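Written out below as structure tokens is the structure these notes cover.
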Amino acid sequence: MNYRCLSILIVLLTLGHICPAQAGKAAVNADTVPTFPDPPAGFNAQRNDIPHGKMTVVQYQSKTLGKRRELSVYTPPGYTADRRYPVLYLLHGLGQDYRQWTEWCQADNVADNLIADGKMPPVIMVFPNCDTRLTVTDTASSTRSGKADGFEGYRKPFEDDLLNDIIPYIDAHYSTISDREHRALAGLSMGGGQSLNIGLYHLETFAYVGGFSSAPNTNKFGGMYTAAEFIPDRKAAREKLKLLWIGCGNKDGLFRISEKAHQYLNDIGMPHVWNVDTNGHDNTEWDRNLYLFAQRIFIQRP
């Protein structure tokens, strides 16, 4: 089956999991039932029989922050400047750095395997440092953003760095398709909250947005920024979002945050995918969400 045919099939299957408005206690109870089957064994393991993408650590000058910063970039097997690629930005969790997605999680293996199996197109993945306290010369855990500074490093400073410095840098130095329809944003834990907060406020930049095990920094539902609207422009979101993904394991202590977001989206009739499974707040959960999410982005719609 070629990628286009598979893409059409995935769209139809995904539509079956997009949640319409629901009401009543029965719907709330149903929200804890796993949505999708588990991925096949070895979905996130390195395979020796397929080509592998390349991981590169990159330094860039953040004009927004006045700091030299670091990130890593995955380019897919066969990457060439003669072709242009969509880009997936993946954000890490609290107290971690850009390496979490490839050293604790296995994002590069997940992508290699999906591409080899024809389940997603070749993509560029970008792993930023999502705490603006992290610089090339300052990576100490003791100086990172946290409770002491109200997690400021994960808020507006990072949003501005991402939009004004990181994305322009990637588009200037890699062969990207530099429009919103070919740009996705997702993250785990604190990065999940960041992805929802940034992505839903910048529909001009991202067409696909995913929050995996989103943390208390999630607008409206996380407990930290309850006055902030989750979706500031519902009409625009309905028109522009190609995929809104909310995922969390039902053994996760933060489950209620994602569940509240899901129930709110049901209440306002906002199409989205609710992915619940039986994992906790761990790398198995995040690799699993990436595996499922990645197959539903950058799809050529029928």
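The values are calculated or read from the model by the stated rules, or taken from the named source; none is laboratory data. Predicted model, so just to flag it, every value in this text is computed and none were measured. Reconstructed Cβ throughout: ideal geometry from the backbone, glycine too, with neighbour counts over all protein chains shown. Accessible surface areas use protein heavy atoms only, side chains included; no ligands, DNA or RNA. Shrake-Rupley method; radii C 1.70, N 1.55, O 1.52, S 1.80 Å.
Please determine, by comparing only the residues of the range 138-159 that are of a type in the set (S, T, N, Q) and over 25 Å from the mean Cα position of the chain (by Cα), which one is nearest to residue 65 (Cα to Cα). Even if it seems obvious, please write down each step before you answer.
We begin by selecting, within the range 138-159, every residue of a type in the set (S, T, N, Q); these are 139, 141-143, 145.
Of the ones still in play, those that are also over 25 Å from the mean Cα position of the chain (by Cα) are 142-143.
On the way: 142: 20, 143: 16 Å.
The selected residue is 143.
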Inset, instruction - Go through the range 149-158 and give me each residue that's surrounded by fewer than 19 Cβ atoms within 10 Å (Cβ to Cβ), free of Cβ contacts under 8 Å to residues at least 40 places away in the same chain and part of a helix (DSSP H, G or I). - result: 149, 152, 156
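Only one of 190, 224 is under 12 Å from the mean Cα position of the chain (by Cα), closer than 19 Å to residue 152 by Cα and touching a residue at least 40 places away in the same chain (Cβ under 8 Å); which? Spell out the reasoning first.
Working: 224 fails: under 12 Å from the mean Cα position of the chain (by Cα).
On inspection, the qualifying residue turns out to be 190.
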Legend entry - Failed item in (1) within 18 Å of residue 297 (Cβ to Cβ); (2) out of contact with any Leu (no Cβ under 9 Å at 6 or more places or on another chain); (3) not polar (S, T, N, Q), with residue 156 passing the rest: (1)
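From the list 35, 64, 80, which one is β-branched (Val, Ile, Thr) and either touching a strand residue (DSSP E or B) at 6+ places or on another chain (Cβ under 9 Å) or under 24 Å from residue 275 (Cα atoms) (or both)? Steps first, please.
On the way: 64 fails: either touching a strand residue (DSSP E or B) at 6+ places or on another chain (Cβ under 9 Å) or under 24 Å from residue 275 (Cα atoms) (or both); 80 fails: either touching a strand residue (DSSP E or B) at 6+ places or on another chain (Cβ under 9 Å) or under 24 Å from residue 275 (Cα atoms) (or both).
Answer to the check: 35.
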Inset, instruction - Determine whether the range 271-281 contains at least one residue that is more than 25 Å from residue 99 (Cβ to Cβ) and either of a type in the set (Gly, Ala, Ser) or free of Cβ contacts under 8 Å to residues at least 24 places away in the same chain (or both). - result: no
Inset, instruction - Among the residues of the range 236-251, count how many are over 13 Å from the mean Cα position of the chain (by Cα) and closer than 17 Å to residue 197 by Cβ. - result: 4
Legend entry - Selection count where residues are open to solvent by less than 10 Å² (accessible area, probe 1.4 Å) and either at positive phi or small (Gly, Ala, Ser) (or both), scope the range 279-302: 1
Inset, instruction - Would you be able to tell me the number of residues in the range 93-125 that are over 17 Å from residue 189 (Cα atoms) and not basic (Lys, Arg)? - result: 17
Legend entry - Residue that is surrounded by the fewest Cβ atoms within 10 Å (Cβ to Cβ) [pool: residues in the range 260-278 that are under 19 Å from residue 201 (Cβ atoms) and among the aliphatic types (A, V, I, L, M)]: 268
Inset, instruction - Return yes or no: is residue 54 open to solvent by less than 70 Å² (accessible area, probe 1.4 Å) and modelled with pLDDT of 95 or more? - result: no
